[in-house]
Number of protein chains: 2
Amino acid sequence: MKALQKRIGITQDTLAQSLTERFIFGEEALDGLMPSTRILAEEYGVSRLFLREVLAGLQRQGLIETFPGKGIYVRKPSMLNAARNVHTTIRQSTATARDLIEARGNLEEQCAALAAERATTEDIAQMEFALKALDDANGLIPMAQADIAFHSLLAKSTHNPVLQIMFGSITTLVFDTMLRSLSDPEIYKEGAPLHYTILKAVKNRDGLAARKAMSKHIHLAEDSYKNDLDCELREIAQRIVKDVLQSSLSIEEILSSALKDYSVDLGQS
Amino acid sequence: MKALQKRIGITQDTLAQSLTERFIFGEEALDGLMPSTRILAEEYGVSRLFLREVLAGLQRQGLIETFPGKGIYVRKPSMLNAARNVHTTIRQSTATARDLIEARGNLEEQCAALAAERATTEDIAQMEFALKALDDANGLIPMAQADIAFHSLLAKSTHNPVLQIMFGSITTLVFDTMLRSLSDPEIYKEGAPLHYTILKAVKNRDGLAARKAMSKHIHLAEDSYKNDLDCELREIAQRIVKDVLQSSLSIEEILSSALKDYSVDLGQS
DNA sequence: CTATCTGACTTGTCAGATAGGTGTTGGTGG
DNA sequence: CCACCAACACCTATCTGACAAGTCAGATAG
């Protein structure tokens, strides 16, 4: 039996691919509920444990979500779950605030300019909603969530999935600096109105103005961060968590809860 | 015992974090060999299976590598393993060649310009090595590997980890188009010399020239791809694999073997 | 001294059992 | 007839104990 299975050659990868084809991209399980692990394991002739590990992989990729007592649900893919893996991987690297501003500036200026050309009325409505949420937000983390949402939606408004992927890959790093910027009254006072400037420029289809406002928005930190400019992002974020939020949680824990249910759809148009 | 464990609250996440702190970032297991699963499981008071799932997660992030019969080794983190997760996640999205050129152009032009300012002699030597490998490469996949290596090294030469992350997140997509471009004599003939133009500009510390050459290099495809421009990247890549390589493997399988051992170190300077 | 073999490791996988959560269903009291 | 609630069936998560298969070092026979 073992030998047979080996001959057939079911590996975790092949099973994962098969399941993905069937349930994620295929049309089965329309309501999003997958068959139970027992049934699936029997169906594919593997043990439940083996199947479980495969499912764990899919879950880590954010493709499915499991609920004890309920079942396994297919999930709309979100960039952020994937991005978190990237974040863990690069924890060892020494990205500073200056690095992020440099890279993010270039990316988001492009996003702003393209969004001005391509944003639909629905995109704009969503961004307006995010800015309203930012105004109404109570507390640093909800603010950062709304801020991230705005920038993600702007990337989405380019209707270029690749730009969304790139922004997604640095989302957690952006979140780190947002904690710093949003808790700094000086930056917030100058930076928050620029969100509206950007959105207005997008509405007016004025790519250049959108790009300029975004540039100003992102480079604000360059003048205000002072010593923090060449600090590692994680250090900065961890300090804010400790001093401002007075929480003993690690930045990783904050991140995973703050970005958990957060999901900006991928452009399918 | 179960209740106790719950009270202590060992979840997969906390254990993963604990193990990461200890073995990846910590100084234990200097030779890279971790204690066996039995020992670790006993040490943390969890079952071996539970530990296994946690380790599977770390492995998926590319932080460790397991060898049956030998043990578990700590691995140097590589962007690409993480990037592959992103790629899977966005399979559903409909990124076209045009999307990639647009996004990648902006990013890589910035990389070229910054590399011209900051590349060390060692960076340049590595890039030269990659170009030599590209010239000597035999077959489409080794060529694509060398090509990817060159562009990754250019991103590394900016000494900005965030740019490396962003490039890493789209590496698999870039690989897709490389299969197409490298198998097209017209593009290859014009595109290959531009690699040397870029490298020369970097050597001369001429950021503008580097940026221009990169722009030309990437936008070459815009004139030659024709109908493929608005094709989905996966479709293009899959067709090349089938027609040119005459392989029945899926593009995912090609990718995972081609990028498996590939790793450009993260800048630690 | 060399070749081989044994035994003690390792990971990978399995079946079966239990814990704990969730939703449904059918019976009972109003 | 309706509302409530308890029992039940199903789900995932996890544990225990076991075995297969790979690896390696050291003992042993030639």
Which whole number gives the average, over all residues in B:164-173, of C-beta atoms from other chains lying within 10 Å of the residue C-beta? 6
Summed buried accessible area for A+B [probe radius 1.4 Å, Å², rounded to 100]: 4800 Å²
Got the residue B:43 label distances to the other copies yet, label 7 Å along Cα→Cβ, in nm, shortest first? 4.0
Closest approach to the A-B rotation axis by any Cβ of A: residue and distance in angstrom? A:169, 2
5 angstrom amide H check on residue B:64, placed H, neighbours 5+ away: B:59, B:75
Separation of the residue B:239 and residue A:121 label points, Cα + 7 Å toward Cβ, nm: 3.7 nm
Taking a label point 7 Å out from Cα toward Cβ, give me the nm distances from residue A:69 to the same spot in the other copies, shortest first, one decimal. 4.6
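Using the crude model of +1 on Lys and Arg Cβ and -1 on Asp and Glu Cβ, and no other charge, please compute the dipole size for region A:113-252 relative to its Cα centre, in debye to 20.
Magnitude of the dipole: close to 420 debye.
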Quick one: if the Förster radius is 22 Å, what FRET efficiency do residue B:188 and residue B:247 give, using the C-beta to C-beta distance and rounding to 0.05? 0.65
Under a plain spin-label model, where a point goes 7 Å from the Cα along Cα-to-Cβ, how far apart in nm are residue A:205 and residue B:47? 6.3 nm
Copy-to-copy spacing for residue B:185, label 7 Å out on the Cα-to-C-beta vector, in nm, shortest first? 7.1
Can you give me the solvent accessible area of residue B:129 with a 1.4 Å probe, rounded to the nearest 10 Å²? 150 Å²
Taking amide hydrogens as modeled 1.01 Å from N in the peptide plane, which residues meet the under 5 Å criterion relative to residue B:33, leaving out close sequence neighbours? B:74
Quick one: if the Förster radius is 41 Å, what FRET efficiency do residue B:33 and residue B:197 give, using the C-beta to C-beta distance and rounding to 0.05? 0.35
Under 5 Å from the placed amide H of residue B:247, counting only residues 5+ away or on other chains, we find B:242
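Can you classify region B:80-258 as rounded, prolate or oblate using the Cα gyration tensor, where a ≥ b ≥ c are the square roots of its eigenvalues, rounded means a/c under 1.5, and otherwise it's prolate if a/b beats b/c and oblate if not?
On the way: a/c = 1.59, a/b = 1.47, b/c = 1.08.
Note, shape of region B:80-258 comes out prolate.
The values are calculated or read from the model by the stated rules, or taken from the named source; none is laboratory data. This structure is a prediction, so every number in the text was calculated from the model and none was measured. In this analysis, Cβ positions are derived from the backbone assuming ideal geometry, glycine residues included, and neighbour counts consider all displayed protein chains. These area figures cover heavy atoms from the full protein model, side chains too; ligands, DNA and RNA do not enter into them. Shrake-Rupley method; radii C 1.70, N 1.55, O 1.52, S 1.80 Å.
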